[in-house]
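Q: Dropping the structure in here first, questions after.
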């Protein structure tokens, strides 16, 4: 536990806008995360889980929920956790 996990978000084709990501822990609390560019039209979402269990990630772009972007996963279910979210507006 307490290892930073990364979710990659590809915004290629989405145009200019504001990307927002929320990560919710198994207790239902919103967790601190930060978003940094990792390439052209690609962003990394970084967070450090503190609880075992299913976490929920939601992505919005310009305050609109991105269809299919909700991830419900356990960040401890794989050795090197990295999840990709791709969307096109």
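Q: Residues to consider are 9, 23, 45, 4; find the one that is loosely packed, with under 15 Cβ neighbours inside 10 Å and either in contact (Cβ under 8 Å) with a residue 12 or more places away in the chain or within 10 Å of the chain's Cα centre (by Cα) (or both).
A: 4
Q: Can you name every residue in the stretch 54-70 that is outside any loop (DSSP other than H, G, I, E, B) and surrounded by 14 or more Cβ atoms within 10 Å (Cβ to Cβ)?
A: 55, 56, 57, 58, 59, 60, 61 - these are the residues of the stretch 54-70 that are outside any loop (DSSP other than H, G, I, E, B) and surrounded by 14 or more Cβ atoms within 10 Å (Cβ to Cβ).
Q: Has the stretch 78-86 got any residue that is under 15 Å from residue 6 (Cα atoms), under 10 Å from the mean Cα position of the chain (by Cα) and modelled with pLDDT of 70 or more?
A: So far as the stretch 78-86 goes, no, none of its residues is under 15 Å from residue 6 (Cα atoms), under 10 Å from the mean Cα position of the chain (by Cα) and modelled with pLDDT of 70 or more.
Q: Can you name the condition, by its number, that residue 62 falls short on among (1) at pLDDT 80 or above; (2) touching a strand residue (DSSP E or B) at 6+ places or on another chain (Cβ under 8 Å)?
A: Exception for residue 62: condition (2).
The values are calculated or read from the model by the stated rules, or taken from the named source; none is laboratory data. Predicted model, so just to flag it, every value in this text is computed and none were measured. Quick reminder, even Gly has a Cβ in these numbers, built from the backbone with ideal geometry, and neighbours come from all protein chains shown.
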